[in-house]
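The values are calculated or read from the model by the stated rules, or taken from the named source; none is laboratory data. These figures come from a predicted structure and were not determined experimentally. So basically every Cβ, Gly included, is an ideal-geometry build from the backbone, and we count neighbours across all protein chains shown. Accessible surface is based on the protein model in full, side chains and every heavy atom, while ligands, DNA and RNA are left aside. Shrake-Rupley method; radii C 1.70, N 1.55, O 1.52, S 1.80 Å.
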Amino acid sequence: MNINIFGSTGVIGKKTLSLIDKNFLKLKVNLLCAKSNLKLLSKQIVKYQPKYAFLYDHEKLTNFDYKIGKTKFLNLNELQSYLLSSKSNLSILAISGYKSLYFLNNIIHNTENLGLVSKEAIVSAGHIFKKNNYFKKTNIFPIDSEHFSLFEFFKKTNTNSTIKKIIITASGGPFYKKKFTSLKNVKFEQAIKHPKWKMGYKNSIDSATLVNKCLELIEAHYLFDIPFNKMKILIHPEALVHSIVEFNNYVSHLNLFKNDMGIPILNFLSQPKFNYSKYKNKFFINEYSDLHFENVSNDIFPIYNYFNKINKKKPQNLIKFNIGNEFAVNLYKNGMINYTDIYKIIKKVTSLNLNSSLNTIKDIIQYHDEVELKLRNFKI
């Protein structure tokens, strides 16, 4: 059995490799892909000896030995050809940003089981998942904690006709209970200090603004065919209940597990052909006597109120919302805007009058490029 990992040097990729080390020694690491961290990727290659490796920032391979041991570095065309001409048992797609779309079609073709972490891929292309029969071509296994919890629920419950509401929870991030207008001058280092999860900077900033939960609502809509009017967000600081399913008969089902991404990853690696493995980070309910839930405050998270007003029947609006956020987070990371400007930029980019047909992955990538071209001379 083998696995391909797209995003091996990120938080999810490193956690996956750690779990393979401890629990799945018979699982062969076949391909490691990273964006730009050649130093860490090289260490991973030495340790796991995959057959192939890929670095998106290909220029960093100049003056670099293209083979480490028996591992061969592939360029982009070679990677795409390899995916089309081979099969893998498991793949994890954990590439941040819409660049994951470049690989999506070929990964779907290549793998039997896809652990999907890249929310941007679903946000941008979710409307064509059914059209392209992605759900039939491979077993799609969401690894985000919220969607994993719903995935596990729907595996055991084959209907959603009696469901009144799906609730996705949010911890509140590092600025929980602080009014948004008071956060203008918060530093990047403050915004990425998530109180519960260890994540990359992009997801950490998205958690602070609550954009991540807006994107997760889009994911849930596409993955589980849930209407937007049947979903909402609640703040839950303990980050133990990851989703709540409310039924028409006034009974609610709380999907609860410890705030540890190792749990969804372990379940993905423990596909039916594998054996479930023991995991040291167990959950004991008696350790947590208090669970709190509250509605999202517009004074603290204004982006949620704005998201609810967007016409979500048009995929273009969801894509522009996503692009605007990614663009703004990068500006904030580079010290070019204030924290509160992220919200202003998202609103402005989402309101851009730029329509296009979005019937294929190629169309979606082209639309991303067109929107980004509009942003070159962007002013708040």
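Worth pointing out:
- D (Stokes-Einstein, µm²/s), Kirkwood Cα radius, the range 59-210, 0.890 mPa s at 25 °C: 132 µm²/s
- Think of the chain as having a plus end and a minus end, set by charges on the Cβ of Lys, Arg, Asp and Glu; of Leu215, Ile364, His292, Ile364 sits farthest toward the positive end of this dipole.
- Under the Karplus curve 6.51 cos²θ - 1.76 cosθ + 1.60, θ = phi - 60°, whole-Hz ³J(HN,Hα) for the range 26-31, x wherever Gly or Pro sits: 8, 7, 8, 7, 9, 8
- Antiparallel bridges, percent of DSSP beta bridges restricted to the range 30-186 (to nearest 5): 10 percent
- Förster-model FRET efficiency, 45 Å R0, Asn229 and Lys70, C-beta, rounded to 0.05: 0.25
- Amide H contacts under 5 Å for Lys164, placed H, 5+ residues apart: Glu246, Phe247, Asn248
- Options Phe268, Ser243, Pro315, ranked by Cα towards positive dipole end of the chain, top entry (Cβ charges): Phe268
- For the range 207-261, the direction-averaged projected area of the alpha-carbon convex hull comes to 4.6 nm².
- Per the Kirkwood formula applied to alpha carbons, the range 1-149 shows a radius of gyration over Rh ratio, Rg over Rh, of 0.95.
- Protein-only accessible surface order, largest first, of Glu216, Glu326 at 1.4 Å: Glu326, Glu216
- Near Asn2, the amide H atoms lying under 5 Å from its own belong to Lys28, Asn89, Leu90; only residues 5 or more places off or on other chains count, and H is placed 1.01 Å from N.
- In sequence order, calculated HN-Hα J values of the range 98-110 (Karplus, 6.51, -1.76, 1.60; Hz; x Gly/Pro): 6, 4, 4, 5, 4, 9, 4, 4, 6, 5, 4, 5, 7
- If the chain linking Leu291 and Asn334 were pulled fully straight, counting 0.36 nm for each residue of separation and taking away their Cα-Cα distance, it would gain 11.8 nm.
- Viscosity 0.692 mPa s, 37 °C: Kirkwood-radius Stokes-Einstein D of the range 147-202 over Cα pairs, µm²/s: 226 µm²/s
- Fraction in percent of alpha-carbon pairs per bin - 20 Å, the chain: 27, 61, 12, 0
- Estimated FRET transfer efficiency (Ser356, Asn133; beta-carbon r; R0 25 Å; 0.05): 0.60
- By average C-beta atoms within 10 angstrom, highest first, the peptides 105-115, 201-211, 334-344: 201-211, 105-115, 334-344
- Inter-label distance for Asp341 and Lys313, nm, one decimal - labels placed 7 Å from Cα along Cα-to-Cβ: 3.6 nm
- Highest-fluctuation residue, Lys320, Lys155, Lys87 considered, GNM on the chain with Cα pairs under 10 Å: Lys155
- Computed E for Ser86/Asp299 - FRET, C-beta separation, R0 41 angstrom, nearest 0.05: 0.20
- Fully extending the segment from Ser182 to Lys28 would add 50.4 nm, taking 0.36 nm per residue of separation and subtracting the current Cα-Cα distance.
- When DSSP beta bridges are restricted to pairs lying wholly in the chain, around 30% turn out antiparallel.
- Amide H contacts of Thr111 (H built 1.01 Å from N, under 5 Å, at least 5 apart or other chain): Ser88
- For the range 339-352, 3J(HN,Hα) computed residue by residue from phi via the Karplus equation (6.51, -1.76, 1.60; θ = phi - 60°) reads 4, 5, 5, 4, 4, 4, 5, 4, 4, 5, 5, 4, 7, 4 Hz, glycine and proline entered as x.
- Share of pairwise Cα separations in the range 101-182, more than 14 Å, in percent: 73 percent
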